[in-house]
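The values are calculated or read from the model by the stated rules, or taken from the named source; none is laboratory data. For clarity, every value in this text was computed on a predicted model and none was experimentally measured. A quick note on method: Cβ atoms are made from the backbone with ideal geometry, for glycine too, and the neighbour counts reach across all protein chains shown.
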Amino acid sequence: MSNTHVSTSTPSFDALSAQIAGYSLNTQAQIQKSQARHRLNLVREWKIPIGSRVLEIGCGEGDCTVALAYAVGDKGTVVAVDPSRPNSGFPVNLATRHRFISEGPLGPRITWVEKTALEYLSSLSRFPDGSAKLFDVAVLSHSLWYFESPQEIIATLEALRQYCNRLHIAEWSLSTSDPAAQPHILAALTRAALDCHKPLNMMTNRMALDPQRIMELANEAGWRLQSDAILTNLDPRLPHAALEVNYCLSRAFYKEICAHVSDARKRAAVLAVRDACEVSWQAVPDGVRGVKPMDVWVGTLYDGKKS
């Protein structure tokens, strides 16, 4: 059973969060600070040593990248990989966000790579005897849900074993003890149910995986669990829950369901989860503003084939 850890929030930690948030392009300062606090909590759970060579898979806008770059110190490095196009993102695109980070004090520690994980890994060379690794650790922070399929996850995790011996993962847990977070869980499941019916190039959250399923895939790829925990009491100002629920209950989302799910029986199944999300949301005080993020699972894995 995973240990339960409450997310840290102290005056000194809040000051550090504000500092880390300042290294990213702030369009909404308070949200950026909440993002930084969350990513710092993840890095603290993983205990990444100073001087580490980190490979980050699915870096997105770079929220976790800056926390990792801070953690490794000026002797460490972070290679941040993401397949998204530089002009993607709104209101500020990815290229602008990455450039802002690169021009800041943590920039020299970071290398951005616009490729899928498998594309990048296939371009690397291994040490001849296989005894040394190019990276000390690989990190997947809230990125597994964006893979195209479980098979792609297995292939990526298998490939990672050639280049590092340790793996850190953080992902939404699909669990909570707080009723105010239930709408977030149901919204995520609704979006995943719809995306099963979309072409791959139109997907957003392509699937929803709980910790047990993630570990099944990791075990199949040769990784074994060293330690894990469930982070609770996340900052309610994290934007993910409200954004997910708002979109799930929007008219635009309903139209997407009708457009992409032609079979009436399957459409009814997707709509049923959406309806459950709406009922759950209606029970939350203050409506969408009162919705909280679900818990987060964090895990550290080691290469089981090397033990």
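Only one residue in ILE20, ILE50, ILE57, ILE31 is farther than 26 Å from VAL92 by Cα and aliphatic (A, V, I, L, M), so which one is that? Step through it out loud before you land on a result.
Working: ILE20 fails: farther than 26 Å from VAL92 by Cα; ILE57 fails: farther than 26 Å from VAL92 by Cα; ILE31 fails: farther than 26 Å from VAL92 by Cα.
Sole residue among the options that is farther than 26 Å from VAL92 by Cα and aliphatic (A, V, I, L, M): ILE50.
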Query raised in the report: Of ARG251, ARG274, ARG267, which residue is in contact with a Leu (Cβ under 8 Å, 6 or more places away or on another chain), modelled with pLDDT of 95 or more, at negative phi and not assigned by TED's automatic domain parsing to the domain that holds ARG44?
Result: ARG274
Requested in this report: Of all residues in region 21-53, count the ones that are part of a helix (DSSP H, G or I), among the hydrophobic types (A, V, I, L, M, F, W, C) and either surrounded by 17 or more Cβ atoms within 10 Å (Cβ to Cβ) or at pLDDT 90 or above (or both).
Outcome: 6
Report task. Could you please let me know if ARG206 is part of a helix (DSSP H, G or I) and not hydrophobic (A, V, I, L, M, F, W, C)? Result -> no
Query raised in the report: With (1) hydroxyl-bearing (Ser, Thr, Tyr); (2) touching a strand residue (DSSP E or B) at 6+ places or on another chain (Cβ under 9 Å); (3) crowded, with 19+ Cβ neighbours inside 10 Å as the list, and THR190 as the residue in question, which single condition is left unmet?
Result: (2)
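Given the options SER141, SER122, SER102, name the one that is among the small types (Gly, Ala, Ser), in contact with a strand residue (DSSP E or B) (Cβ under 7 Å, 6 or more places away or on another chain), surrounded by fewer than 20 Cβ atoms within 10 Å (Cβ to Cβ) and assigned by TED's automatic domain parsing to the domain that holds ALA18. Give the derivation first.
On the way: SER141 fails: surrounded by fewer than 20 Cβ atoms within 10 Å (Cβ to Cβ); SER122 fails: in contact with a strand residue (DSSP E or B) (Cβ under 7 Å, 6 or more places away or on another chain).
Answer to the check: SER102.
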Query raised in the report: Is at least one residue of region 95-108 more than 19 Å from the chain's Cα centre (by Cα) and under 20 Å from GLY299 (Cβ atoms)?
Result: no
Query - Selection within region 68-89 - without any contact (Cβ under 8 Å) to a residue 40 or more places away in the chain, more than 14 Å from ILE48 (Cα to Cα) and β-branched (Val, Ile, Thr) - result: VAL81
Query - Matching residues, region 132-161, being modelled with pLDDT of 95 or more and farther than 17 Å from GLU216 by Cβ - result: PHE135, ASP136, VAL137, ALA138, VAL139, SER141, HIS142, SER143, ALA159
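Is it the case that some residue within region 217-236 is in a helix (DSSP H, G or I) and either under 30 Å from ALA264 (Cα atoms) or of a type in the set (Val, Ile, Thr) (or both)? Spell out how you get there, then give the answer.
Taking region 217-236 first, the residues in a helix (DSSP H, G or I) are 217-220.
Keeping just the survivors that are either under 30 Å from ALA264 (Cα atoms) or of a type in the set (Val, Ile, Thr) (or both) gives none.
There is no residue in region 217-236 that is in a helix (DSSP H, G or I) and either under 30 Å from ALA264 (Cα atoms) or of a type in the set (Val, Ile, Thr) (or both).
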Report task. Consider SER2 carefully, then state whether it is under 18 Å from ASN233 (Cβ atoms), hydroxyl-bearing (Ser, Thr, Tyr) and modelled with pLDDT under 95. Result -> yes
